[in-house]
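Have a look at the structure below before the remarks.
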Amino acid sequence: MNGSKPQPGPPLWLLAELTYRCPLQCPYCSNPLDFARQGAELSTEEWIRVFREAREMGAAQLGFSGGEPLVRQDLAELIKAARDMGYYTNLITSGIGLTEQKVRDFKVAGLDHIQISFQAADEAVNNMLAGSRKAFAQKLAMARAVKAQGYPMVLNFVTHRHNIDQIDRIIELCLELEADFVELATCQFYGWAELNRVGLLPTREQLQRAERITNQYRARLEAEGHPCKLIFVTPDYYEERPKTCMNGWANLFLDITPDGTALPCHSARQLPVVFPNVREHSIEHIWTDSFGFNRFRGDDWMKEPCRSCDEKH
């Protein structure tokens, strides 16, 4: 139906970007380019209030990310608060700063799953991209510690020109680590990745080869009844159609940045739209009534012929 503007459902997935601080220097970092000039981080009490307000609206999954969320000294406290509210919680981390004791402590606090990111399957390439000589060894050790504690083994590799030709080695490493889920996410080129696009963008041929190899592994694993699931994410640069933004603008995803700015997707702050802050407004107001979250809901905002196009979504 043209001109429809449905009432939003609840923000089912809440992402808490606890901090922009990080010990690594990845060239495709999702932090904003001016992250050092952003406002002060939300306090423990402010984050817990955000969790409670979102949970009261129906939020069910809560992700802790950054930057590197492990630099927050209150992480275990935030995990426990979220668990006590009934959230399914996951930690998205580089693994740098993680220890076997923290893996156990987070389990006690109620953390449901940990996702560890790698830069490459080759130690030298991984450490070069991360800007740390010890990153790869630490990641391997922590991946094994996570598995030993019974968490789902979730691994993430951001692929680009410098590692995509080793996609088979990446998958083999994931199988060696007994991964349950693997996200092979080709760089999405905004923020730092956009700034470094010339050095990161793979060719179409590289991407096609990597996807073909991934599909071959996927078919083999399915035939063997192997539990590992491979997810391959193509950048919009090489898609025939751009993907729907986070399942639709302000449809089910709510991102809170370290300074409390609320966003309908990670990169929305780059748009010429003013977004609300949790220090000034409730989650209910932000999700339901704020201009930023309603700006691209439904299709009233579209001009013709886009509004009548059967591919508008």
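The values are calculated or read from the model by the stated rules, or taken from the named source; none is laboratory data. Remember, it's a predicted structure, so these values are computed and weren't measured experimentally. Every residue, glycine among them, receives a Cβ derived from its backbone with ideal geometry; neighbour counts consider all protein chains shown. Side chains included, ligands, DNA and RNA excluded: accessible areas come from the protein's heavy atoms. Shrake-Rupley method; radii C 1.70, N 1.55, O 1.52, S 1.80 Å.
Could you check how many residues of region 156-185 are open to solvent by 10 Å² or more (accessible area, probe 1.4 Å) and either farther than 17 Å from residue 95 by Cβ or charged (D, E, K, R) (or both)?
12
Using beta carbons and a limit of 6 Å, which pairs, at least six apart or on different chains, have the first residue in region 84-103 and assigned to a loop (DSSP other than H, G, I, E, B) and the second one open to solvent by less than 10 Å² (accessible area, probe 1.4 Å) and charged (D, E, K, R)?
Sorted first by the residue in region 84-103, then by its partner, the pairs are 94/68; 95/139.
Given the criterion touching a Phe, Trp or Tyr at 6+ places or on another chain (Cβ under 9 Å) and farther than 19 Å from residue 140 by Cα, identify the matching residue among 89, 44.
89
Could you look through region 186-202, keep only residues that are among the small types (Gly, Ala, Ser) and open to solvent by less than 20 Å² (accessible area, probe 1.4 Å), and pick out the one that is farthest from residue 129 (Cα to Cα)?
191
Name the residue, out of 279, 220, 209, that is open to solvent by 70 Å² or more (accessible area, probe 1.4 Å) and either of a type in the set (Asp, Glu) or outside any helix (DSSP H, G or I) (or both).
Within the list 279, 220, 209, the selection yields 279.
Say we look at region 25-83 and pick out the residues that are in a loop (DSSP other than H, G, I, E, B) and of a type in the set (Ser, Thr, Tyr); which of these is most open to solvent (accessible area, probe 1.4 Å)?
By that ranking, first place goes to 30.
Identify the residue in region 295-313 that is in contact (Cβ under 8 Å) with a residue 60 or more places away in the chain and either not in a helix (DSSP H, G or I) or not charged (D, E, K, R) (or both) and, among all such residues, is surrounded by the fewest Cβ atoms within 10 Å (Cβ to Cβ).
The residue in question is 311.
Give me the pairs, please: first residue somewhere in region 49-70 and closer than 18 Å to residue 96 by Cβ, second residue anywhere and at pLDDT 95 or above and assigned to a helix (DSSP H, G or I), beta-carbon distance under 8 Å, and either six or more positions apart or on two chains.
64/75; 64/78; 64/79; 69/75; 70/102
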